[in-house]
1. Given 0.36 nm per residue, what is the gain on full extension from Ser91 to His130 after removing their alpha carbon distance, in nm?
2. With labels modelled as points extended 7 Å from the Cα through the Cβ direction, what inter-label distance (nm, one decimal) is found for Gln61 paired with Thr121?
3. Using the scaling law 2.2 N^0.38 Å as the reference, what is the normalised Cα Rg of segment 57-125?
4. Using a simple charge model, +1 on the beta-carbon of Lys and Arg, -1 on the beta-carbon of Asp and Glu, nothing else, what dipole does segment 58-135 show about its Cα centre, in debye to the nearest 20?
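Just so it is clear, none of the values below were taken in a lab; they were calculated from the coordinates. Nothing here was measured: the structure is a model prediction, and the numbers come from that model. Heads up, the Cβs are rebuilt from the backbone with ideal geometry, glycines too, and the neighbour counts pull from every protein chain shown.
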Amino acid sequence: MRHLLGISMRYSCWPILLMLGALTLSSTTVAADAVRMPKALRGMWDWGPTACRLELSPDTQSPIWIEAKGVRGYESNDVPVKVTRVHIKPSIWVIESVDEALAPGVETLVYVLAGDTLAITDGRRSTDYHRCEEAVTAERSSR
């Protein structure tokens, strides 16, 4: 009879191995749930021709809200699964996320922050956003 960690392999080992596998899977899930967007990126951003103006309709496609737990935009809710800072000045992050509204799959985007301008690119196209004032952000989030 073989022993693993001092436990007989005959009968008692399998429940322990199954439990260790379950613990490993649950700790991976907890780690993914703990991923947060960088604080420097948080707030409301807009690329529209009248960026950050309050008279924009609530269903406009241009503004995005970057929060700790993800990025909300028109018909999208991206949740980060991995955030890697790759440069300090300008601040650059590679962020892998999944969109809760779309089919499963990880999307990788590069976020480049320089002052109040944020460029987001997937390598094929890029969008430049401008940071909205805090008063505008607070008013929109209260709607």
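1. Working: separation 39, 0.36 × 39 = 14.04 nm, distance 1.51 nm.
Here the answer is 12.5 nm.
2. So the two model labels end up 2.2 nm from each other.
3. Details: Rg = 12.4 Å, N = 69, 2.2 N^0.38 = 11.0 Å.
Compared with the compact-globule rule of thumb, segment 57-125 sits at 1.13.
4. On the way: 8 positive and 13 negative charges, 83 e Å.
About 400 debye.
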